[in-house]
Structures are given as structure tokens and as C-alpha cells.
1. Of the conditions (1) open to solvent by less than 40 Å² (accessible area, probe 1.4 Å); (2) over 20 Å from the mean Cα position of the chain (by Cα), Ser83 clears all except one; give me its number.
2. When the residues of segment 100-145 are narrowed to those that are among the polar types (S, T, N, Q) and more than 30 Å from Lys173 (Cβ to Cβ), which ends up most open to solvent (accessible area, probe 1.4 Å)?
3. Answer yes or no as to whether Ser119 is hydroxyl-bearing (Ser, Thr, Tyr) and within 20 Å of Glu234 (Cβ to Cβ).
4. Go through segment 57-89 and give me each residue that's in contact (Cβ under 8 Å) with a residue 40 or more places away in the chain and more than 28 Å from Leu237 (Cβ to Cβ).
5. Asp90 passes all but one of (1) modelled with pLDDT of 95 or more; (2) within 16 Å of Val34 (Cβ to Cβ); which number fails?
6. Can you find a residue that is among the small types (Gly, Ala, Ser), touching a residue at least 24 places away in the same chain (Cβ under 8 Å) and open to solvent by 60 Å² or more (accessible area, probe 1.4 Å) anywhere in segment 40-51?
7. Just name the residue that is surrounded by the fewest Cβ atoms within 10 Å (Cβ to Cβ) out of those in segment 63-78 that are touching a helix residue (DSSP H, G or I) at 6+ places or on another chain (Cβ under 8 Å) and not hydroxyl-bearing (Ser, Thr, Tyr).
Amino acid sequence: MRKMHLIVALTVVVLLSMTVAAQTPPPVLPLLGVSRVVVKPDRVAEWSDIEKVYSEAYKKGGGPWRRIYRSRTANNYEFLVISPLSSYADLDGQSFIAKGASEQDLARWSARRNQCVESVSITYERLVPDAVINLSGASLPAILQETRYRVKQGMGTEFAELIKAESIPTLKKAGVGLFVLRRVEFGASRNLYVARRGASKFAEFEVNLVEKVLGREAAAKYFAKTSALLNDVETRLYSYQADISYSGQQ
């Protein structure tokens, strides 16, 4: 009987640990490298073919994930190429792509890609602690809403605290499963903060979530507080390009 109790107890522990593991969402890594690529309109198909090869090499080289999104607003030929870094030390030595391809392949791919591109800008963004919603079961978003906040000089801390204290609880009440705020560290002004919210379809953006949760009057007060901290704000929508990305482990 004692042996049976021990087996039952161990089984419960194992089941509980499995349940916790299943409910734990994948971690949000502290750093992102984000390339904003504007492709020549007549070279999009060729550029996409090359990026697919890059993503395959990235996977072969051991990279965690490499996700590509295409703008659905403003310039339809703008793409985001996003990949995570555990730290800036990841930039030392060979990249994951270089580890997964020969020097000859890299040279050939680079020459072709350069012919397809009008411009490229690269930023490195760090996670703002506690300004994250990453619910268990949230799938890789088909749609990204990216909001770029240019914060007034010296107001960065106040802005981040406002997002954490008011935006995060409001978005959680609205049922948002994925939201991350990051601050640009290199490649653009350090007063630039970037928020990305995931969605499964464009119809989700028909409703102003802040107004839906708080009501019109309280929402107006919230937006007034936010606006007082900003020089300007820009929001764009992007759709996930699964066929040329490497999604990693979900």
C-alpha cells in the first residue's frame, strides 16, 4: 500500500510538471535584430526566393527563428526581417546564416539580393521589462500591428511606466494574447520605442480596444496622457510571410 501511494504521488508530480510546461509560453528574448527592407517593385519575387534560401541556411546553422513580415499599409514593398539575440555577443563570430552556408553561396546570394533592394535599415531593440503580454497558447501571429513611438527627450521612463501601468492591464482585459514593447538601442534614436501586437486577422483592428475597455471618456484621458509624452507616433500593419520564414519551435 505504501508503494502504491508513492507511485500515485510521483504520478501526480509528473502530471503537474507536464501541465506547467504545457501552459508556459515560449520566452520573449531580450533583444531583437530588425531589418527594414524596401524591395524594388519588380524584384519582389526574386528577393523572396533569396530570403527563403537565407532562412533555410539560418535554420541549418542553428538559429532559433527568423520571421519575415510584409507591410500592408504605407509602402507595400517594405518587409521586416526579424530575428532574436540572447545578447550582443551573438553578433561576434559567424552568424547562423554563415554557419549554414558556404562562402561561395553567401557571396552569390548577397550579390543577387543587393540587386533587388532599394534600401535597408537595421535596428537593435531591447525588451522593456514587464511591458509584455505573452499568454499561454498564443500562436505565431499572422498579423503584426507595429506602433513606433518617438518619445520626447527625457520622457522615456515615464512613457514606459505608463504602458506598464495602464496599457498592459487594458490590453489584457481586451483579450490580447501577444504584445511586446521594446526600446531601440542601436540603429535609430534611443527615444524610439516600438510596440508590436499580434493578431490572427485584420478584422481585429476594427475596434479601438482602449475605448472598448475603458469607455470613451476614460480612453480620451489615457490618450491625452500618452500624447503629452510623444513627439509623434506611427502605426503600420504587417502580414507574416510563412513561405520564406523560419518560424522556429512553437
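1. Just one mismatch for Ser83, condition (2).
2. The extreme case among them is Gln104.
3. Yes, satisfied.
4. Ala57, Lys60, Gly61, Ser86, Ser87, Tyr88
5. Every condition holds for Asp90 apart from (1).
6. Taking every residue of segment 40-51 in turn, none turns out to be among the small types (Gly, Ala, Ser), touching a residue at least 24 places away in the same chain (Cβ under 8 Å) and open to solvent by 60 Å² or more (accessible area, probe 1.4 Å).
7. Arg72
Conditions (1) in contact with a Ser or Thr (Cβ under 7 Å, 6 or more places away or on another chain); (2) touching a residue at least 40 places away in the same chain (Cβ under 8 Å); (3) under 18 Å from Arg182 (Cβ atoms), marked per residue:
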{"residue": "Asp92", "(1), (2), (3)": "no, no, no"}
{"residue": "Phe96", "(1), (2), (3)": "no, no, no"}
{"residue": "Glu103", "(1), (2), (3)": "no, no, no"}
{"residue": "Glu118", "(1), (2), (3)": "no, yes, no"}
{"residue": "Glu125", "(1), (2), (3)": "no, yes, yes"}
{"residue": "Asn134", "(1), (2), (3)": "no, yes, yes"}
{"residue": "Gln145", "(1), (2), (3)": "yes, yes, yes"}
{"residue": "Gly156", "(1), (2), (3)": "no, no, yes"}
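The values are calculated or read from the model by the stated rules, or taken from the named source; none is laboratory data. All values reported here derive from a predicted model rather than from experimental measurement. Virtual Cβ from ideal backbone geometry, glycine too; neighbours counted across all protein chains shown. Accessible surface areas use protein heavy atoms only, side chains included; no ligands, DNA or RNA. Shrake-Rupley method; radii C 1.70, N 1.55, O 1.52, S 1.80 Å.
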